[in-house]
Amino acid sequence: MSDKTLIANDGSEGAARALDVAIKLAHRLWAKLHMISVEELTGAPSTIDEVVEEEREEQQRYAQVIAHAQFKACDTFPEPA
């Protein structure tokens, strides 16, 4: 069995359910839990300013996704004393 677990998280409801399962599995296996998220730019921006703005919005959205995942994981895996 591996000592690492990897979860992909796009912030969707399905990803949140998968994260819950991955946290439980990693806890049961005493495995490290890693998460990957990939920003996706929608459409075809016509200017660099549109690209920058869309990227900024995605970074803010994924900052929330990451913070939520960290909160869930830390609730399951408390910091060592």
Extreme residue, farthest from the chain's Cα centre (by Cα), among residues of the stretch 1-24 that are without any contact (Cβ under 8 Å) to a residue 24 or more places away in the chain and open to solvent by 70 Å² or more (accessible area, probe 1.4 Å): Val21
Return the residues of the stretch 20-55 that are among the hydroxyl-bearing types (Ser, Thr, Tyr) and either within 28 Å of Ile7 (Cβ to Cβ) or at pLDDT 90 or above (or both); say none if nothing qualifies. Ser37, Thr42
Can you confirm whether Ile36 is of a type in the set (Val, Ile, Thr), without any contact (Cβ under 8 Å) to a residue 40 or more places away in the chain and closer than 16 Å to Gln70 by Cβ? yes
Would a scan of the stretch 56-70 turn up a residue that is open to solvent by 70 Å² or more (accessible area, probe 1.4 Å) and either of a type in the set (Phe, Trp, Tyr) or part of a loop (DSSP other than H, G, I, E, B) (or both)? no
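The values are calculated or read from the model by the stated rules, or taken from the named source; none is laboratory data. Owing to the predicted nature of the structure, the values given are computational and were not obtained by experimental measurement. Cβ sites come from the backbone with ideal geometry, for glycine too, and all protein chains shown count toward neighbours. Side chains included, ligands, DNA and RNA excluded: accessible areas come from the protein's heavy atoms. Shrake-Rupley method; radii C 1.70, N 1.55, O 1.52, S 1.80 Å.
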